[in-house]
Structures are given as structure tokens and as C-alpha cells.
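The structure appears right after this line, and notes come after that.
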Amino acid sequence: ILDFDKRVKEIVQHLKDSNRMEETLLIITSDHPSRWRTDQRVPLLIRFPHQLHKGRVTRNVQSIDIAPTILDYLGVETPDWMDGYQLLSGITDINRPVFISERGTEGQYGMVAECKAPFYSLGAISLVIGHKRYRLSLHDGTMTSQDIEGHTAPTNVKELPSVTKAKKILIDHLHDSGYDDSTLREM
């Protein structure tokens, strides 16, 4: 983390020294949290030129929101085929489903990829709604749920789906993505 912080500081200093800081859209994010865990939040920081659009989004956002947000900033219409929200408009549904996939299964020596049908190397899929994460094991169909630690906008418990409803949402998502979900529907 300290090395990463040092590199960001060097980039910012270079942009300032070359008088390009106010011409630069600076985006800092990661594809995963520490130790490849899927139950933690991932950083997303965007600094706009002249510090426009200052503020904090407390609702769930995803990496797929970055491109529509950049296009919105540039005044370019987001193509219909592009997923994601334009974060500048401030419209993000508090109950927006966020899907997360996990690779392989937990083995003696860590994660082991199993490339076989119907889910190939997927080991589990999770759904995040509000401050709750629901996880479906694709190997045995078990469901778990947990609160997301440090969430910035806890959801009213009445607005959260039950574990049974969350499992249906996850299975439907797999089906809509082209996976054979018949074994999960039987579990």
C-alpha cells in the first residue's frame, strides 16, 4: 500500500510540475481488495480537472460505472450497449444488484480452478444489495449472507431480499448469462 501511495504521489507531482493536473482526469481503483477477497469493498476515486464534481457516492458502484461517468463528463451520450451508471447524475439505486464471481474452490493449497461444466472455473457467485452480500456456492448450492463491513449507506432491512429470493436472483443471473442452471434449481 505504501509503495502504491508513493507512485500515486509521484504521478500527481509530475502532473502538477508539467502544468497538466487541471487537464487530467485521474482515476484510482482496483480490480479486487486485499488478498483477492470478494467480501470487501474496492476503492474507486475520481479526481476531475479543477476539482469539479467533488463529493462522495455512498451507494454501491462498480467498475462498469467508470466509462459511462467519463462519457457523461465529456458530454458524450452513453451507448445503449454499455452497462453501468453515470455517477455524475447522482442516480444510483440503493437496491442496485451488484454481481461478483469467484473462481474455483477452496483446496488444500488455496483456490483451485475446476474447468468443467456447467460453471467451468466459477466456484461461487455473489449478489450485493445495499449493505448485504449473498453468496451462492456453485458446487453444492449452499447460500450464505453477511453484512459488508464499513458500508457507507446501510439499507433498511425491509428492503433487502430474503436469502431464498437472493438465491433466485443469482440463479436467474447465471441463466441470463448463458449458464446451464438446472442443477442449481434442483438444489
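The values are calculated or read from the model by the stated rules, or taken from the named source; none is laboratory data. Because the structure is a prediction, the values reported are computed rather than measured. Cβ atoms come from the backbone with ideal geometry, glycine included; neighbour counts cover every protein chain shown. With ligands, DNA and RNA removed, areas are computed over all heavy atoms of the protein, side chains included. Shrake-Rupley method; radii C 1.70, N 1.55, O 1.52, S 1.80 Å.
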*asked:* When a/c reaches 1.5 or more, the comparison of a/b and b/c decides; with that in mind, is segment 127-173 rounded, prolate or oblate per its Cα gyration tensor?
replied: prolate
*Could you pull out every one of the lysines with an alpha carbon less than 25 Å from that of Lys168, ignoring same-chain neighbours closer than 8 positions?*
Lys116, Lys132, Lys158
_Can you compute the modelled spin-label distance between Val157 and Lys16, with each label point 7 Å from Cα toward Cβ, in nm?_
4.8
*By a straight-distance test (C-alpha under 21 Å), which lysines pair with Lys6 as possible cross-link partners, with residues fewer than eight away in the same chain excluded?*
Lys16
*asked:* Please report the carbon-and-sulfur percent of the accessible area for segment 116-187; probe 1.4 Å, protein heavy atoms only, DNA, RNA and ligands left out.
replied: 50
